[in-house]
Amino acid sequence: MGARLTPRRSRGPLVVAALCALAIAPAGARGEGRPAYGGAAVGTLLGEPAGFDPIALRSHADAAVVGLLFDTLYEVGPDGVVHPQLAAALPEVQADKARIALRPGVRFHDGTALTAVDVVATLARVRASAAAGWLLVSVEDIAVDGDDVVLTLEAPRKDLARILATPWTAVTPRGLAPKKDAPIGSGPFRLSARKRDRLELEAWEGHLAGRPYLDRLTLRWFVSGDDEAQLYETGGAHWSLRGATRFAGGSPKHATTELESPATVLVYLGFGQVHADVLGNRDFRAALDAALARGGLATVGRGERAVPAIDPVPLDLGGPSLSAIAADPRLDVAEAALARAASKVRALARDRIAALTLEILVADSRPDDREVAARVVRALDKLGARATITAVDATELARRVTAGNCDLYVGHATAELGASAMIYAQAFAIAGDRGHADKLAGGAITGVRMKELFAARLPIIPLYHRAVRVHHRADLRGAWFDSSARLGVADLFVWPLK
Amino acid sequence: MRLRGRFTLWFALAALVPIAVAALVTREVVARSFRNDYERTRSAAEAAMRHELTRLEAQVVTAAQALASKNHPFIGTVLTDLINGGGQLDAKGQLRLRDWSSQEMSGLGLNVLMVTGPNDRILSAAHDRGLVGERAVEPRQLARSDGGGAVYRFEKVMGPRTMATILVVEAARSAKDGGQEVHVLVGRQLDADLVDSVRRPGQIDARLVAADDGRELIAPRASWTGLGTPPVRIALTGPDGKPVAWLEVAAWDRNLSALLDQVTLVAAVMAAGAIFLTILLGAMVARRITRGLDLLVVGAQAAARGDLEHRVPMTSKDEVGEVGRAFNLMMEDLRSAGDRLVIAERIAAWQEIARRLAHEIKNPLTPIQMAMDTLRKVWRKQHPSFGEILEESTTTVLEEVERLKRIVSEFSDFARLPKPAPMPTDINEVVAGALALYEGATPVERRLADGLPTIEADKGQMTQVLLNLLENARDAISGKEDGKIVVTTRKGDAGDRVELAVEDNGPGVASDIRDRVFTPYFTTKQGKGGTGLGLAIVHRIVGDHGGRIMVTEATSLGGARVVVELPLRPGQLLLASRV
């Protein structure tokens, strides 16, 4: 997904200027060269995507892929500004109505036209879904009016365009869920093949912003964290999200540029329903939260910024910083909370907790999550309980988490919205608490009450916010990160093209 | 026990005793030698285990010493990064430390490698990344402990899926530079490889047990129940000097028991085999040897029966064969002598019979002659009592002629006694029949055994035997008011004959004449009607039936007792009568 102020073909002056700024451009800035159409690139995702349904996306990888295959009404550019994408302009809000005119001539990958009917059906599906319905909690009605989409709102929302820029609202034909192995969208790339460890995409010639520069794009994921770096180091990939070399001190084959996103990807501990009596107890959650050694989470990863967190709102988006006290396990607090929990849950009594064994699910394509899970095991051990780590593929993880068929899992959440209320709402939505998610998203709970509510209920346990650091070949241009730490792949080009 | 059996038994004993002695001696020698070997093995295993522990301890101490130096590229760089970061490591430094510590740990063959920095913060933990950022005081404390040797500790480490507690031998050292200090803790896990180094299947085993609750950390390969000797225990001490675990080394003498059992089994099998072979061999040898003796016994029995035609078929050239051949010569001589003797005896017997017959005949002839002489004298003298004398002489002559006729008749009966016609006969029935014919006044007491087996006998002749014996007994007690005759039948003690006895309480038969009572014309009833052929006839009949007859004292009645033994099996000859 990329921010395109103008179609690619008229970007020439900007490209020249950008070339000059390339060497001193800070992280986050948009790389430019002399773009040329053609070529193929091999890159990586932050793990395996679970699927292509925008409503069901749960991870950074899901969001990245959805952004390449589908379009949303709006998009957030590298400058953080919301720009129209499928929409022709920003919403026209009059009283409780918001009218959105659609860009004409947009086609899906199968050649069919994208119309207001598709948009309305998509938004209606989002509103009705358990996973993403909280986003449109303020929308009372969605209707087609000619080539426009008209939303009836409970109350005016300044962040409506931003909401409609989130990947959950990506438009699908007739609002239907995409087919598992043949998703049809209107995005810059379409899926040509899905394999065991990669997606193969090809440029969509009919994209609304013009076809991407690259003809083909291969996105890979790895079970072993070192294999990705080694692939890049030996010239097998154009970029790596896990370092440029397998071992620190090594040298990659190609000249390399580093780029890092804001630390806005939340890595959290989610709860399932298997030991619902134990894990549903707030005091137990508080005990576990207190027993975690968060300070060490700053060392997880391959050198990208990792900020231990006790709150889902990232530090970079105004969230609280971790105090020195909270960095270490607070065993006195944990024991007190556990004692309160034990008074209500027999299984947590001192003489019984040793028999408790909890399962922590992790995605096998996100190796850092295993290290994170190990820390959770250690925290549970401090409480006297046992835990095991089960690594499964992304599809299995999504299936079991959706069904609640686990005790704990390590999840990723991208902060698409920026606003604290929406981030808290997202946290409650992840936990399946639509009531509080809707209230937070609808503005019924604001200010310090949001933090208090979150701290009291702990729908998820925030672990840390991480940045995404990409090491890419110097001949790969156009890379940038949005505020949700998604890499702007659609504007990538190889220069010079051989 | 028969000679053959005794021979075989001695053969078996002769073989068994040396085998048993050999087995016992072998067993004892093996046991002693094995026990010595066992002790040596046990001591060697303990020494090997201690050596291995010492090696492990030295390894971790050496590794800690080598790493914890500011001149070491790994720790030296960490110290430099800390100095530059004001006591903090930046992300690059952290990443570099993480990668290098993994490589160092693998390269040094360690299982634990931890580096702590300021405030005991764990900077890296190559064995468990989840520890990074937490606090650990052990590296600093251990690095500063007296002696600086290795200690044993339980560490919780993250495995592929869950946390596990392992026992490690650890050492720690500190390194300083530029006001910054780091502590390096290294360790090796005590795993199955340690105990496998001394294990020998069936002989040596080892296990690791926790000191606090005795739980097995490394289980033995086999069960330790029934261990003859307690295992050697080696203490693995923690930082406080107290054992955290025990390494136990056990040596088995199972092999000894098994070996001894094997030796015993082999000896038993050998003994059984030897007994079987010796019994077989003994039986064969005994048979060979005693066969000749058996033949000699048969020959002797034949000779005793009077069968002088019998020869012992002896072909062996040994002493037994010589005895056999000598026996045959003797039998030949006896037969020749016997033939002559038989002829002589026969001649003598007929001479005796003729003499006795002549004597018997002469007896009545004398009164006949005297009566005729008297009658001729009286006729010549025309004696007035001629008529009376004629009557008297005629009576005398007629009586004597009757007597002569009886003598001739009895002699004829004796000479022409027919061969018995044997048929299954119940001797008790014979007794009953004979007693029915008996005309004596004295009642005869019967003591007849029930259930006697039948014998092959001529019923008529046996009846005659019994009548003759009853007549003799009646004659013996004639004139006695309390005369008593008892007839007894029973099965013979040998089990192969039936016994018929007639006893009386008469005067008995003097021992000096008992051997002559069966001689023809021998009688103690001179002038009392006895011809002297009765018992001879009885003797002949009994002999023709293969039986035997003897005269003894009637111990219960005080008179004579005549016992007739008759064989049960047809054709069986009882030993010759004691005549």
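The values are calculated or read from the model by the stated rules, or taken from the named source; none is laboratory data. Nothing here was measured: the structure is a model prediction, and the numbers come from that model. Don't worry about glycine lacking a Cβ; one is built from the backbone with ideal geometry, like all the others, and counts go over all protein chains shown. Please note that ligands, DNA and RNA were not included when accessible areas were found on the heavy atoms of the full protein model with its side chains. Shrake-Rupley method; radii C 1.70, N 1.55, O 1.52, S 1.80 Å.
Derived value for chain A: Kirkwood hydrodynamic radius 23.2 Å. Basis is the mean of 1/r over every pair of different alpha-carbon atoms.
Per residue of B:160-166, other chain Cβ atoms within 10 Å of the residue Cβ number 5 on average. In whole Å, how far is the Cα centre of region A:375-447 from that of region B:379-435? Centre-to-centre (Cα) distance: 150 Å. Projected label points at A:Arg194 and B:Glu471, each 7 Å from Cα along the beta carbon direction, are separated by 13.9 nanometres. Taking the Cα centre of each part, how many Å lie between region B:461-488 and region B:73-110? Rounded to whole Å, the Cα centres lie 139 Å apart. Put a dot 7 Å past the Cα of A:Ala255, heading toward its Cβ, do the same for A:Arg449, and the two dots end up 5.7 nm apart. Please say if region A:74-163 is rounded, prolate or oblate, where rounded means a/c under 1.5 for a ≥ b ≥ c the square roots of the C-alpha gyration tensor eigenvalues, and otherwise the choice is prolate for a/b larger than b/c and oblate otherwise? Rounded shape, in that the Cα axes give a/c under 1.5.
Can you give me the relative contact order of region A:158-287 as a percent, contacts being Cα pairs under 8 Å and 6 or more apart?
10 percent
Using the Cα gyration tensor of the protein assembly as shown, with a ≥ b ≥ c the square roots of its eigenvalues, what is the shape: rounded (a/c below 1.5), prolate (a/b larger than b/c) or oblate (neither)? Verdict is prolate for the protein assembly as shown. Largest to smallest in accessible area, the residues B:Phe7, B:Phe522, B:Phe74 fall in the order B:Phe7, B:Phe522, B:Phe74 (1.4 Å probe, all protein chains included). Per the Cauchy relation, a quarter of the hull surface: what is the mean projected area of the convex hull of the alpha carbons in region B:142-257, in nm²? Taking a quarter of the hull surface, the average projection is 9.8 nm². Stretched out straight at 0.36 nm per residue, the stretch from B:Ala219 to B:Ser412 would grow longer than its current Cα-Cα span by 58.3 nm. Normalising the average separation of contacting C-alpha pairs (under 8 angstrom, six or more residues apart) by the number of residues puts the relative contact order of chain A at 22 percent. Taking 14 Å as the cut-off, the amide N atoms of region B:503-523 that come nearer than this to a point 7 Å along the Cα-to-beta-carbon line of B:Lys480 belong to B:503-510.
For region A:145-216, the set of GluC sites (Glu not before Pro) satisfying both a DSSP loop assignment and a count of at most 12 other C-beta atoms within 10 Å is given as A:Glu154, A:Glu205. Rounded to the nearest 10 degrees, the angle from helix B:427-437 to the longest Cα principal axis of chain B is 20 degrees. Can you give the extra length, in nm with one decimal, that the chain gains between B:Ala449 and B:Val137 once fully stretched, where that is 0.36 nm per residue apart less the Cα-Cα distance? The B:Ala449-B:Val137 span can extend by a further 101.0 nm.
Give me the inter-chain shielding for B:125-138: mean count of other chain Cβ atoms within 10 Å, whole number please.
Mean partner shielding for this stretch: 5.
Ordering A:250-256, B:241-247, B:123-129 by mean Cβ neighbour count within 10 Å, with the highest value first, yields B:123-129, B:241-247, A:250-256. Rounded to the nearest 10 degrees, what's the angle between the helix A:331-344 long axis and the longest principal axis of chain A, both from Cα atoms, 0 to 90? Value to nearest ten degrees: 80.
Once you sort the root eigenvalues of the Cα gyration tensor of region B:399-474 as a ≥ b ≥ c, which label holds: rounded (a/c under 1.5), prolate (a/b larger than b/c) or oblate (the other case)? Verdict is oblate for region B:399-474.
For an R0 of 35 angstrom, estimate the FRET efficiency from the Cβ-Cβ distance between A:Lys180 and A:Thr234 and round to the nearest 0.05. After rounding to 0.05, the efficiency reads 0.60.
Can you tell me what share of the DSSP beta bridges in chain A is antiparallel? A percent to the nearest 5 is fine. If I count the DSSP bridges inside chain A, around 80 percent turn out antiparallel.
As a rough guide to protection, the peptides B:35-41, B:534-540 ranked by mean Cβ packing within 10 Å, highest first, stand as B:534-540, B:35-41. In this simple spin-label approximation, B:Val21 and B:Gln382 carry label points 7 Å from Cα along the Cα→Cβ vector, and these lie 11.8 nm apart.
Relative to the longest principal axis of the Cα atoms of chain B, the long axis of helix B:3-67 lies at roughly 0 degrees.
Accessible area per residue for the protein assembly as shown is 46 Å², calculated with a 1.4 Å probe on protein heavy atoms, without ligands, DNA or RNA. All other residues with a Cβ under 9 Å from the Cβ of B:Leu568 taken together, and with Lys, Arg as +1 and Asp, Glu as -1, what is their net charge? For residues surrounding B:Leu568, the net value is +1. Evaluate the relative contact order of region B:1-138 (contact order divided by residue number), counting alpha-carbon pairs under 8 angstrom at least 6 apart; express in whole percent. It comes to 11 percent, rounded to a whole number. Residue by residue along A:362-373, Cβ atoms of other protein chains within 10 Å of the local Cβ number 1 on average. Only lysine pairs 8 or more places apart or on separate chains count here, and in chain A those with Cα atoms under 26 Å apart total 10.
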